[in-house]
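As structure tokens, the structure follows; a few thoughts come after it.
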Amino acid sequence: MQLAFASLAIVGKVTLGAVPWPAMMAARTLGALFVFVVAALVLREPMLPPPGLRLRAVVLGFLGVFANQSAYLAGLRRTSAINATVLLATIPLFTALFSVLSGREPWRPRFAAGSLVALAGLMVVVRVERLTVAPEHLTGDALVVLNSMVYGLYLALARDIVLKHGALALVRWVFAGGALFAVPVGLPTLITSMPTFSPRVAGALAYVVVVPTAFAYAANAWALQRVPSSVVSVFVYLQPILAAALALSIGPPLARWLHVVIPAEGLTLRTVAGAVTVLVGVAIATAKGRPRSIAGTINDRD
């Protein structure tokens, strides 16, 4: 899942040079919804949530799909990649905070310690000393933090539904709710900009829809069925490591294929050391023996 999300940093960032962010947001939402609807037809699953869950599905769609994507893509256009990477690291913190405050999970010192170790490793990798506070970046930084908040809240609130109804049902209902907001905001831009897309840009956009959107959200929901929301979120710390690996491997050929110039990437000892620290932190945070989540305990009793 994190590998799929990390690929958005490479493919999505390049594609944003040719596709306006509202158009990409609408394409991701409607394209993934189409995939999930087809899956529901094949599996003969109910298309709509039960009446009592429909309002909640709309709220989760607003948080996890529309607001999350809009804030991130708009923020990425207005701030540096370094700032965005550092600020995205707040997702596990917001997820844990909302989960504990809502009573869905207990406070776990081991998780907190592992998160801090992973965060320290991430700061090494992204060279936190290069974080800027330039006025022109403030709006973008605020939007990325907003993205982290709404996605953290989405992860905290979504687990109850996925435990009862399954991963595919959750993502189908969530993307249907998100489409209610994405269509009026992004569809007009998508329609007017589509004639300007080259076949290669269209192919890159299709990849963004299928892999870091449809597959990644489905895998995310699948993971929520098996571990607490805060544990799912802590793997966000792996994204910069995976993105760096992708930048070294597929970044240059992809840029040449799309006729885009990107800065050369190199593997350094600092990156390796930071990556190892991140992995150690994630291992600590997700080690066996942690208390079970309140939501999972209640679900088992039911």
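The values are calculated or read from the model by the stated rules, or taken from the named source; none is laboratory data. Computed from a predicted model, the values in this text were never measured in an experiment. Cβ placement follows ideal geometry from the backbone for every residue including glycine, while neighbour counts extend to all protein chains displayed.
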**Report entry** Selection within the stretch 186-225 - among the β-branched types (Val, Ile, Thr) and either in contact with a strand residue (DSSP E or B) (Cβ under 8 Å, 6 or more places away or on another chain) or exposed (fewer than 15 other Cβ atoms within 10 Å of the Cβ) (or both)
**Finding:** 191, 192, 196
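Only one residue in 86, 58, 35 is within 23 Å of residue 239 (Cα to Cα) and either modelled with pLDDT of 95 or more or under 20 Å from the mean Cα position of the chain (by Cα) (or both). Which one?
Exactly one of 86, 58, 35 is within 23 Å of residue 239 (Cα to Cα) and either modelled with pLDDT of 95 or more or under 20 Å from the mean Cα position of the chain (by Cα) (or both), namely 86.
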Requested in this report: Sort through 246, 254 and tell me the only one that's surrounded by 20 or more Cβ atoms within 10 Å (Cβ to Cβ), assigned to a helix (DSSP H, G or I) and either at pLDDT below 70 or not small (Gly, Ala, Ser) (or both).
Outcome: 254
Report task. Answer with yes or no whether residue 266 is more than 22 Å from the chain's Cα centre (by Cα), modelled with pLDDT under 85 and either closer than 26 Å to residue 12 by Cα or assigned to a helix (DSSP H, G or I) (or both). Result -> yes
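Is there a residue in the stretch 165-179 that is of a type in the set (D, E, K, R), out of contact with any Pro (no Cβ under 6 Å at 6 or more places or on another chain) and not in a helix (DSSP H, G or I)?
Start the filter on the stretch 165-179 by keeping residues that are of a type in the set (D, E, K, R), which leaves 172.
Checking which are out of contact with any Pro (no Cβ under 6 Å at 6 or more places or on another chain) leaves us with 172.
Applying the additional criterion that residues be not in a helix (DSSP H, G or I) yields none.
Looking through the stretch 165-179, none of the residues is of a type in the set (D, E, K, R), out of contact with any Pro (no Cβ under 6 Å at 6 or more places or on another chain) and not in a helix (DSSP H, G or I).
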Query - Enumeration of residues in the stretch 13-54 that are under 16 Å from residue 215 (Cβ atoms), touching a residue at least 24 places away in the same chain (Cβ under 8 Å) and out of contact with any Leu (no Cβ under 8 Å at 6 or more places or on another chain) - result: 28, 29, 31, 32, 33, 35, 37
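With the requirement that a residue be outside any helix (DSSP H, G or I) and either among the β-branched types (Val, Ile, Thr) or on the phi > 0 side of the Ramachandran plot (or both), what does the stretch 29-64 give you? Spell out how you get there, then give the answer.
Looking only at the stretch 29-64, we keep the residues that are outside any helix (DSSP H, G or I), and these are 44-50.
If the condition is that a residue be outside any helix (DSSP H, G or I) and either among the β-branched types (Val, Ile, Thr) or on the phi > 0 side of the Ramachandran plot (or both), then 44 is the only one that fits.
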**Report entry** Considering residues of the stretch 65-83 that are over 13 Å from the mean Cα position of the chain (by Cα) and assigned to a helix (DSSP H, G or I) only, the residue modelled with the lowest pLDDT
**Finding:** 82
Query raised in the report: With respect to the numbered conditions (1) surrounded by 23 or more Cβ atoms within 10 Å (Cβ to Cβ); (2) within 15 Å of the chain's Cα centre (by Cα); (3) at pLDDT below 90; (4) not aromatic (Phe, Trp, Tyr), which one is the sole condition not fulfilled by residue 159?
Result: (2)
Report summary line: Scanning the stretch 93-122 for residues that are part of a helix (DSSP H, G or I) and among the aromatic types (Phe, Trp, Tyr) gives 94, 98, 111
